[in-house]
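Reviewing the structure listed below.
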């Protein structure tokens, strides 16, 4: 079966060719361009670039995966949406909106056997500076940037995960508990 990995950047390249599945699957790495901007200084252009366009791209990717017959769809986001991020409000809003969209798609397509899930990973994989928006847990800082989500993504793409849908699996070694 085929696994299509949609997205740009190091994380998408890392997953491309390394994730396989026994059912047709699509992995979508959310493609926002995270930049540190204070909430009170964010402009319409920043919102458009960091939230609106990436959200439209994500909707299009989800629709395309469904139209191509993907049985498993996995959306990869930074954990920033779950905990917020100082100076990364647009990136956090995109990540959280993506998680809500995952739940909505899972509810809509679940009756036909399609699962849609999210995997939340270390924000550094999305260019988010940990010195401005770092981990909130007491997990070892040595784990920052070191947790590979490939096995988790691969499992969610498999037939073995057919009963898991609409969920977010955090795969960051406990950095964002």
Fill in the blank from the handout: By residue number, the members of region 24-40 that are more than 13 Å from residue 86 (Cβ to Cβ) and either modelled with pLDDT of 85 or more or surrounded by 24 or more Cβ atoms within 10 Å (Cβ to Cβ) (or both) are 24, 25, 26, 27, 28, 29, 30, 32
Exercise for the section: Answer yes if at least one residue in region 105-113 is closer than 25 Å to residue 56 by Cα, under 17 Å from the mean Cα position of the chain (by Cα) and at pLDDT 85 or above, and no otherwise. Expected result: yes
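I need the helices (runs of 4 or more DSSP H) fully contained in region 1-99, keeping only those with at least 1 residues that are over 20 Å from residue 156 (Cα atoms), without any contact (Cβ under 8 Å) to a residue 40 or more places away in the chain and out of contact with any strand residue (DSSP E or B) (no Cβ under 7 Å at 6 or more places or on another chain). Full working, then the answer.
Values: elements: 9-15, 44-47, 53-67, 80-83.
Fully inside region 1-99 and qualifying: 44-47, 53-67, 80-83.
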Problem - Filter result for the condition that a residue is crowded, with 16+ Cβ neighbours inside 10 Å, free of Cβ contacts under 8 Å to residues at least 24 places away in the same chain and either in a strand (DSSP E or B) or out of contact with any helix residue (DSSP H, G or I) (no Cβ under 8 Å at 6 or more places or on another chain) (or both), over 124, 108 - result: 124
Completion exercise
Reported set for region 144-167 where residues are free of Cβ contacts under 8 Å to residues at least 24 places away in the same chain and surrounded by 17 or more Cβ atoms within 10 Å (Cβ to Cβ) is 155
Completion exercise
When restricted to 10, 87, the only residue surrounded by fewer than 14 Cβ atoms within 10 Å (Cβ to Cβ) and closer than 21 Å to residue 176 by Cβ is 10
Problem - Residue ID - farthest from residue 160 (Cα to Cα), chosen from residues in region 41-78 that are at pLDDT 95 or above and surrounded by fewer than 16 Cβ atoms within 10 Å (Cβ to Cβ) - result: 56
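The values are calculated or read from the model by the stated rules, or taken from the named source; none is laboratory data. Remember, it's a predicted structure, so these values are computed and weren't measured experimentally. Using ideal geometry, Cβ is built from the backbone for each residue, glycine included, and neighbour counts are taken over all protein chains shown.
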